[in-house]
Amino acid sequence: MSMILFACVVRVRDGLPLSASTDFYHSQDFLECRRRLKTLALRLAQYPGRGSAEGLDFSIHFSSSRDVACMAICSRQCPAAMAFCFLETLWWEFTASYDTTCIGLASRPYAFLEFDSVIQKVKWHFNYVSSTQMESSLEKIQEELKFQPPVVLTLEDTDVANGVMNGHPQMHLEPAPNFRMEPVTALGILSLILNIMCAALNLIRGIHLAEHSLQVAHEEIGNILAFLIPFVACIFQCYLYLFYSPARTMKVVLMLLFICLGNMYLHGLRNLWQILFHIGVAFLSSYQILTRQLQEKQSDCGV
């Protein structure tokens, strides 16, 4: 039976998986161990260079240096020295294949998926080559582990990771959401241009009216706000179209309401066609915002 079952390479600063071996184990215990490994990967920056998380049937071992860490799921029968020797070999292979710039600029999971073939070769070597042929490497790792023993966790610790070591407080880390919107359409660009034009008209009229009102009377404060509030709403509509925002539908309806009410209040300062133009642009922008959806998340290529 194989002692090293799964291995992956992750970026230490944010736990982004860079490459991983394809595994064929689907037992519930193994899948649970995989889940805990992903959680632990997000907290590697809190721990020293080497560590192990012990479970009933499986163990997670990790070894990190600079911004790259290698992690493995092994059977409980796998000696710690063998696991860390495997991880060190994997680390050297990966850092020799990719420079720090490429690693730092990686923005999607498993950006170096082709490294899987190297992981499989190294894993096969450690699983099926006799330990006598690796004796010198294992002795070196064993000596290092005596002087610098790895931090020891339990698999349960990977979920609650109290982070007490090295004076770190408790932290709850989650991967930052990376929202990608669908490409901007030609009609969307037109709605942006018209929206900016309406915002500019509202701003110019509002400032001009404010200068006049401050010198003559204070009764037209409502008219000033009726220009400036739609100006802010138009700008916010542009933002909602370009960038993802939570509760987007509610915000779109609110901005549309501000623009409609503001222009209805200005009846008398604007003729009917001007009011219809501003409201029509607001409806077009609202429609474009609500129809521009998030792109579907890329799959992890079956890893």
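The values are calculated or read from the model by the stated rules, or taken from the named source; none is laboratory data. Everything numeric here is computed off the predicted structure, so don't read it as measured data. When we count neighbours, we look across all protein chains shown, and the Cβ atoms used for this are built from the backbone with ideal geometry, even at glycine. Keep in mind that these areas ignore ligands, DNA and RNA; they rest on the heavy atoms of the full protein, side chains included. Shrake-Rupley method; radii C 1.70, N 1.55, O 1.52, S 1.80 Å.
In the list 57, 29, 23, which residue meets the criterion of being in contact with a Gly (Cβ under 9 Å, 6 or more places away or on another chain) and modelled with pLDDT under 85? Quick ask: steps written out before the conclusion?
Details: 57 fails: in contact with a Gly (Cβ under 9 Å, 6 or more places away or on another chain); 23 fails: in contact with a Gly (Cβ under 9 Å, 6 or more places away or on another chain).
The conditions single out 29.
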Scan the range 220-241 and report the pairs whose first residue is assigned by the TED database to the domain that holds residue 210 and outside any helix (DSSP H, G or I) and whose second residue is open to solvent by 10 Å² or more (accessible area, probe 1.4 Å) and modelled with pLDDT under 85, with Cβ atoms within less than 7 Å and a gap of 6+ or a chain change. 220/209
Top-ranked residue of the range 80-109 - restricted to ones that are surrounded by fewer than 18 Cβ atoms within 10 Å (Cβ to Cβ) and of a type in the set (Asp, Glu), ranked as modelled with the highest pLDDT: 93
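Of the residues 50, 43, 11, 66, which single one is modelled with pLDDT of 90 or more and basic (Lys, Arg)? Quick ask: steps written out before the conclusion?
Details: 50 fails: modelled with pLDDT of 90 or more; 43 fails: modelled with pLDDT of 90 or more; 66 fails: modelled with pLDDT of 90 or more.
After ruling out the rest, the residue left standing is 11.
Check whether at least one residue in the range 270-285 is modelled with pLDDT of 85 or more and outside any helix (DSSP H, G or I), and report yes or no.
Taking the range 270-285 first, the residues modelled with pLDDT of 85 or more are 270-285.
Filter once more, so that each one left must be outside any helix (DSSP H, G or I): 270-271.
The answer is yes; a qualifying residue exists.
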Say we look at the range 159-174 and pick out the residues that are touching a Lys or Arg at 6+ places or on another chain (Cβ under 9 Å) and assigned to a loop (DSSP other than H, G, I, E, B); which of these is modelled with the highest pLDDT? 161
Take the conditions under 23 Å from residue 138 (Cβ atoms) and among the acidic types (Asp, Glu) and apply them to residue 32. Does it pass? no
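Within the range 4-33, track down each residue that is closer than 21 Å to residue 120 by Cα, without any contact (Cβ under 8 Å) to a residue 60 or more places away in the chain and open to solvent by 40 Å² or more (accessible area, probe 1.4 Å).
24, 25, 26, 27, 31
Please find, among 198, 238, 260, the residue that is out of contact with any His (no Cβ under 7 Å at 6 or more places or on another chain), modelled with pLDDT of 85 or more and open to solvent by less than 20 Å² (accessible area, probe 1.4 Å).
Working: 198 fails: out of contact with any His (no Cβ under 7 Å at 6 or more places or on another chain); 260 fails: open to solvent by less than 20 Å² (accessible area, probe 1.4 Å).
Going through 198, 238, 260 in turn, the sole match is 238.
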Can you confirm whether the range 120-136 contains a residue that is assigned to a loop (DSSP other than H, G, I, E, B) and over 17 Å from residue 2 (Cβ atoms)? no
